[in-house]
Each structure stands twice: as structure tokens, then as C-alpha cells.
Amino acid sequence: MRATISDVARAAGVSIKTVSRVLNKERYVGAATRERVEAAMTALNFSPSLAARTLAGSRSFQIALIYDNHSPFYIHQIQEGVWARCRQEGVRMLAQPVDVASPTLAREVGGLIDETRVDGIVLSSPVTDAAPVLAELERRGIPFVRISPGTNHALTSSVFMDDAQAADDMTTHLVNLGHRRIGFVIGHPNHMASDQRLFGYRRALDRAGIAYEPELVRPGLFDFASGAAAAEALLALPAPPTAIFASNDDMAAGVLAVAHDRGIPVPARLSVAGFDDTELARAVWPPLTTIRQPTRDLAYTAASLLFEKSDGVEHRRLQHDLMTRGSTARPAG
């Protein structure tokens, strides 16, 4: 038969309340007592049910990850990072996609909280800057942590990377290879990171003494189709770019597809660079030179900040890396 909390208490020689405190990771349990209870749990192969833990206290032992992102590769890494931290805490993760443009967004988030009684929330971009969501969570007083916010930094704890510097680094890499006509595909307009990456691109050009040319910049939506559309427009210019830097790997894959379709060898005649370093970056041919965004670590750290329940607001910046692969080279001639 399945071991119960009473069995654990009896085996450890403590009260049921003490076992409950250990399960809930509460303070005021001595180290020796905690070790004895944990040893009893292991010996009895005890696995507490979520329902029993919820009934024993006011917590639901669930947190929600709320997101709206068009890149399945990026979202997979975000989910994986939050889930890994939840697993360590014995907490369930609920992944909830939303549409930040929906007029009922705040009501949808409120409904999620009412139905699940989650103990906290992790917001991924662009939900992290959605004013209706922030106002609703503030009104309800529920703990939440934001991944890569672009606004209201003093509002709550967050984790982020320097998108502007990362885009600057990639653009500088292309300049150092000898490229002077560098196309750029902007990310989704709902994401603050899109503006920051465009800023980094422009800053690197300015520092190199290369004039900014609006015709070399095209809009994107962080998906394959918009990257392909941007590439079609850029490569149709009378003087096309010798390199195209897309704001994420999905769009860079679209650029690669158009180059292959047009018979343009990469990187011999066109260098292509991306951003994120998702699994897609290594699956395409040639493998993408890209910015490695610590996506999984961002999500893991956001969940950690939520569980730590610090009294103050804390911001943690994680480092990015430039991954040089086969999709970039010196320009022909």
C-alpha cells in the first residue's frame, strides 16, 4: 500500500505537522529533524499527493508561466527552464499561452488565477510588458517575476540579458569580417527586445562609420515566414546586402531558405546571422552564426526568484555569447 504522511511521521518519530513543515519547506525545522524525516520518506518511497498538500495549507503548489511568442524553439526552452526549477521544488508548472493584443487579456489572466489558485507567476516577453496583465497581478497581490522586461523595472523582480549589446556584438562581428551593407530584420513590434536589438545594430554601424540605410532594415514577426519575406525584399534591392542579421533564429532560417531558393551560396555570397541559439540554429544548413541567449537559464532564474520570495526587488542580468558557425564569412571580393 502507498505510504501516508502518518507512516512517515511514525517512522521518523515526529508529529504529522512536522512532516508537513518539511514537505512545505518551512523554516523552524531543525536540520537533524529534517534529515530524519527526509530519510523516512526515502525509505518508505513516500510521494505526497498535490491534493493532500493543498488541503493541508493555503498553497496550491502550482505556478503559472504565461507567454505569447511565435517561436516554438524559444518557448520550449523557456518552458524547460521553469519546469526544471519547479521540479526541484516539488511544484507543478502550468503553461498558459495568451494573446497580448486581446481586449480580454486581464480577464483571462484573472480567470486562470481564480481557477488554479497558483502561488505565483512567471511572465515571458511580450506579456512581461503587457500593462493590463501587470495591473491585474498588482491588484490581486500575487507574486510574479518577469523575463526580459522593457518597462516598469522597479515594479517587480526580473531576469534579463543585454539585447542591445548582443546585437551590437553581432553587427560588429559582421563589420569586422568586412561587410559594409548589412541587412537587418527587426523582431515582433510587441516585444521590447526588438527595439533594443535594432538599437544595438545601429550603434555598431555608427561606431564603425557606416551610414544607417533604412532600406536595409525590414520588419519581422519572429517567425520563419516574416524572415523569408524580409529576405525577398532585401535581396531584390539594386544593391543587395552582403550580410543579413535577423533578430531571431526562426527569421534567419527564413532568410537561409530564400537564399537557397535563389541559388545564392551561403556564406560565399551572403552571410546570414541569427539570435537566440535555439536548436534550429544547429539544424539548418549551414549552421547559423548566432547570439546565444541563455533562454533556459533566464527561465530557470526567474522561477528561482519567485521561489526565493525576497522582500525587495531584484534584477539579475545573464551573459550572452556570440556563436560563430558556417553561415558567416568575409564578403566575396
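The values are calculated or read from the model by the stated rules, or taken from the named source; none is laboratory data. Quick caveat: nothing in here was measured; it's all calculated off a predicted structure. Backbone-built Cβ (ideal geometry, glycine too); neighbour counts: all protein chains shown. SASA here: full protein model, heavy atoms, side chains in, ligands and nucleic acids out. Shrake-Rupley method; radii C 1.70, N 1.55, O 1.52, S 1.80 Å.
Worth pointing out:
- Contact order relative to length of the chain, as percent, for alpha carbon pairs under 8 angstrom and 6 or more apart: 17
- Oblate is the label for segment 59-142. Its Cα gyration tensor axes, ordered a ≥ b ≥ c, give a/c of at least 1.5 and b/c at or above a/b.
- Note on HIS191: accessible area approximately 10 square angstrom, rounded to 10, probe 1.4 Å, nucleic acids and ligands left out.
- Cα-Cα pairs of segment 201-271 separated by more than 15 Å (percent): 52
- Cα centre as origin, Lys/Arg/Asp/Glu Cβ charges: the chain dipole, Debye: 920
- Among ASP276, ASP7, the order of accessible area from largest down is ASP7, ASP276, computed with a 1.4 Å probe on protein heavy atoms.
- Protein heavy-atom surface of the chain, 1.4 angstrom probe: 52% of the accessible area is carbon and sulfur, with nucleic acids and ligands not counted.
- Scaled radius of gyration (Cα, divided by 2.2 N^0.38 Å) that segment 1-158 gives: 1.24
- Computed over the chain, the convex hull of the alpha-carbon atoms projects to a mean area of 20.2 nm².
- Dipole of segment 149-236 [Lys/Arg +1, Asp/Glu -1 at C-beta], most positive-end residue of ALA225, ALA166, ALA193: ALA166
- Centre separation in Å (Cα based) which lies between segment 117-191 and segment 269-333: 13
- With the alpha-carbon atoms of segment 5-48 aligned to their principal axes, the span from lowest to highest coordinate is 24, 18, 15 Å, starting with the largest.
- Think of a 1.4 Å ball rolled over the protein heavy atoms: segment 163-294 then has 37 Å² of accessible area per residue.
- Placing +1 on each Lys and Arg Cβ and -1 on each Asp and Glu Cβ, with no other charges, gives segment 5-48 a dipole about its Cα centre of roughly 160 debye.
- Dipole-positive endmost among GLY312, ASN45, TYR212 within the chain (Cβ charges, Cα centre): ASN45
- With each label modelled as a point 7 angstrom along the Cα→C-beta vector, the ASP114-ALA101 pair spans 2.7 nm.
- Electrostatic dipole magnitude of segment 121-235 [Cβ: Lys, Arg +1; Asp, Glu -1; Cα centre; debye, to 20]: 100
- Helix 72-89 axis, angle to the chain major axis (alpha carbon atoms, nearest 10°): 20
- Calculated mean residue ellipticity at 222 nm for the chain: -14000 deg cm²/dmol, from DSSP H runs with n ≥ 4 weighted as -39500 (n - 2.57), summed, divided by the residue count and rounded to 500.
- A convex hull fitted around the alpha carbon atoms of segment 208-315 yields 139 Å³ per residue.
- These residues, HIS173, HIS70, go from largest to smallest accessible area, 1.4 Å probe, as HIS70, HIS173.
- One chain, two ends: ASP7 and HIS315. Fully extended at 0.36 nm per residue, the span grows by 106.6 nm beyond their Cα-Cα distance.
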